[in-house]
Amino acid sequence: MPTRIHTTKTGGALPTRRTFLHHAAAAAGAASAFTILPSRVVAGQRTIAPSDKLNLGAIGVGGMGGSNLSRCETENIVALCDVDSAFAAKTFAKYPQARRYGNFREMFDKEKALDAVIVATPDHTHAVIAMAAMQRGIHVYVQKPIAHAVWEARLMTETARKHKVVTQMGNQGHSGEGLRLVSEWVAAGVLGQVKEVHAWTNRPVWPQGVEVERPKDPPAAPATLDWNEWIGPAPMRPFHPTYHPGKWRAWWDFGTGSLGDMGCHILDPVFGALDLKYPASVEGSISTYFEEFWKYVEPKNETYPRSTIVRYNFPARRNFAPVQLTWWDGGLMPARPAELEVGRKLGDEDGGVLLIGSEATLMAGCYGRSPRLIPEARMKDFRPPEKTLARVPDGENGHEQDWIRACKGGKPASSNFDYSGPLSEMVLMGNLAVRFPGRLLLWDGEAMKVTNDADADAYVRRQYRDGWTL
């Protein structure tokens with residue numbers, strides 16, 4: 001039976017032994033590094049009392065960045081940056097006091113009093129922007145996944161430690177109740193040994209497929225858009241509205257597909273509850289395309305496949321047995337458990353998880369919401385174990401404020417990079433298997449190397465356009 005996790009009942013600690021113990025140590029360090037004092041510069045960073053306000057900036061404010069900002073209005077929102085002034089116009093207008101920029105480097109150079117920044121740009125630019133911020137001692141909240149490639153996620157985690165900045169990934173479900181319940185039930189031995197897990201999503205909800213080619217006859221970029229800045233570290237290509245706004249998730253050069261979009265939400269409760277870290281191997285299967293009878297089309301690798309299956313194998317960990325975790329997307333689903341009632345939906349509208357244990361099977365929705373033992377009859381006499389994990393005030397809606405409190409010397413943010421960096425690595429490893437389907441990729445996580453496939457190993461660290469290297 002897994003050992004019960006013991007922690008305090010206030011603040012935002014994480015639901016695993018490994019991360020909890022690390023954060024306990026981090027919190028002790030934070031107590032000395034962020035002693036409550038009047039605002040002043042200490043070792044290159046402002047020390048901010050809980051009663052003070054952060055000087056906050058945001059980069060990429062036309063989409064999720066605007067939503068993140070709406071939950072940070074307790075602070076001084078002093079600077080906003082977006083490469084598309086038309087796309088960001090609504091957010092710009094909402095915060096007229098904030099200075100506006102179209103280039104994040106210029107913003108960092110001019111905003112010397114900036115304490116913290118939200119990074120909500122397309123996935124391919126997360127790392128270059130967040131790294132520039134952390135190297136300046138600026139705290140960062142980065143949308144999920146924190147990076148576009150495995151190596152970037154590792155580097156960002158290490159950089160956050162080096163510069164002692166406060167971090168949070170934008171997987172808001174990590175501050176929610178469902179994830180904590182899943183972890184507590186697993187830790188209390190309710191499921192027994194979990195050796196099989198399934199996770200799925202309704203994504204993609206945008207067009208993509210292995211046969212898709214780059215659009216032809218590209219129009220001129222809008223005058224309101226700095227296309228060079230939008231492309232960032234990716235290889236240059238002409239502007240086309242099929243990339244921006246919004247559809248960039250489908251494209252290998254810019255997004256991380258269905259797995260990158262939803263894996264950091266849906267796999268999060270599994271990653272924490274089962275104390276996962278590096279898989280021993282990953283294998284992917286993808287949907288194929290035939291343009292004519294028996295005329296197979298090799299994947300163009302411009303956009304992600306319509307549907308994928310990714311199988312992760314994790315070794316034994318402390319008190320946990322080896323586990324196979326299978327990811328499904330694009331309309332593909334795991335088999336319905338025999339215990340699940342006829343007509344009952346698997347998960348929720350965004351996806352879900354099944355944890356199949358030796359004693360019971362647990363089903364939950366996206367973010368680990370509404371966990372239940374199945375069949376529902378198991379819940380009638382079920383006595384949930386004690387709630388041992390700290391809760392974040394306002395749950396999913398309090399994720400940004402959890403980070404803000406940490407920036408002011410509070411407990412480490414619930415999804416700081418010590419946790420969400422390895423989670424992002426696991427998700428991005430799945431995309432390596434999607435890129436090279438039908439191959440069993442053996443993974444040395446500590447060395448960050450695919451040990452049996454040079455082609456796949458080359459994608460662990462991406463290539464960068466001149467002027468955009470990390």
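The values are calculated or read from the model by the stated rules, or taken from the named source; none is laboratory data. If you're wondering where the values come from, they're calculated on a predicted model, not measured in any experiment. Heads up, the Cβs are rebuilt from the backbone with ideal geometry, glycines too, and the neighbour counts pull from every protein chain shown. When the accessible area is computed, the model is the full protein with side chains, heavy atoms only, and any ligands, DNA or RNA have been set aside. Shrake-Rupley method; radii C 1.70, N 1.55, O 1.52, S 1.80 Å.
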Surrounding net charge for Met156, when Lys and Arg each add one and Asp and Glu each subtract one, Cβ distance under 15 Å = +3
The stretch 308-356: Rg/Rh from Cα coordinates, Kirkwood Rh?
-> 1.02
Which whole-number value in Å³ per residue fits the convex hull of the alpha carbons of the stretch 230-318?
-> 148
Of Ala98, Pro241, Thr451, which is farthest on the positive side of the dipole of the chain, counting Cα position, with +1 on Lys and Arg Cβ, -1 on Asp and Glu Cβ, and the Cα centre as origin?
-> Ala98
Expressed in nm to one decimal, what extension gain is obtained for the pair Ala321 and Ala223 from 0.36 nm per residue of sequence separation less their Cα-Cα distance?
-> 29.6 nm
Could you rank the peptides 247-253, 54-60 by their average count of other C-beta atoms within 10 Å per residue, with the highest value first?
-> 54-60, 247-253
Dipole magnitude of the chain, debye to nearest 20 (Cβ charges: Lys/Arg +1, Asp/Glu -1, about Cα centre) | 1200
Per residue value of the accessible surface for the chain (all protein chains in place, 1.4 Å probe), Å² = 40
Taking N as the number of residues in the stretch 198-237, what is its alpha-carbon radius of gyration divided by 2.2 N^0.38 Å?
-> 1.68
How large is Rg over Rh for the stretch 112-246, taking Rg from the Cα atoms and Rh as the Kirkwood inverse mean of 1/r across Cα pairs?
-> 1.06
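Can you give the percent of C-alpha pairs in the chain whose distance is more than 44 Å?
11
Grab the beta carbon distance between Met333 and Val297, set R0 = 22 Å, and tell me the FRET efficiency rounded to 0.05.
After rounding, the FRET efficiency stands at 0.30.
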If N is the residue count of the stretch 72-137, its Cα Rg over 2.2 N^0.38 Å rounds to 1.08
The percentage of Cα-Cα pairs in the stretch 287-393 separated by more than 16 Å is 72
Any chance you could run the full-extension gain for Arg99 through Leu442? It's 0.36 nm times the residue separation minus the Cα-Cα distance, nm to one decimal.
-> 118.7 nm
What percent does the relative contact order of the stretch 126-269 come to when contacts are Cα pairs within less than 8 Å and at least six residues apart?
-> 26
Expected sort for 377-383, 401-407, 441-447, 276-282 on mean C-beta neighbours within 10 Å, highest first, is 401-407, 276-282, 441-447, 377-383
Which peptide among 163-174, 319-330 comes first, and what is the full order, when sorted by highest mean count of other Cβ atoms within 10 Å?
-> 163-174, 319-330
Relative contact order, percent, the chain [alpha-carbon distance under 8 Å, six or more residues apart] = 24
Going through the stretch 157-239, which GluC sites (Glu not before Pro) have at most 13 other Cβ atoms within 10 Å and a DSSP loop state?
-> Glu213
Set of aspartates and glutamates near Lys345 by C-alpha distance (under 13 Å), chain-local residues within fewer than 8 positions excluded = Glu376
log₁₀ of I(q)/I(0) at q = 0.18 Å⁻¹ - the stretch 359-470, Debye sum with one point per alpha carbon = -1.05
Over the stretch 259-393, what relative contact order in percent results from Cα pairs under 8 Å that are six or more residues apart?
-> 19
Sort largest first and round to whole Å: the equivalent ellipsoid semi-axes of the stretch 370-426, each the square root of five times a Cα gyration tensor eigenvalue.
-> 30, 16, 10
Mean Kyte-Doolittle of at least -0.5 and a Cα length of 30 Å or more along the axis: which whole DSSP H helices of the chain meet both?
-> none
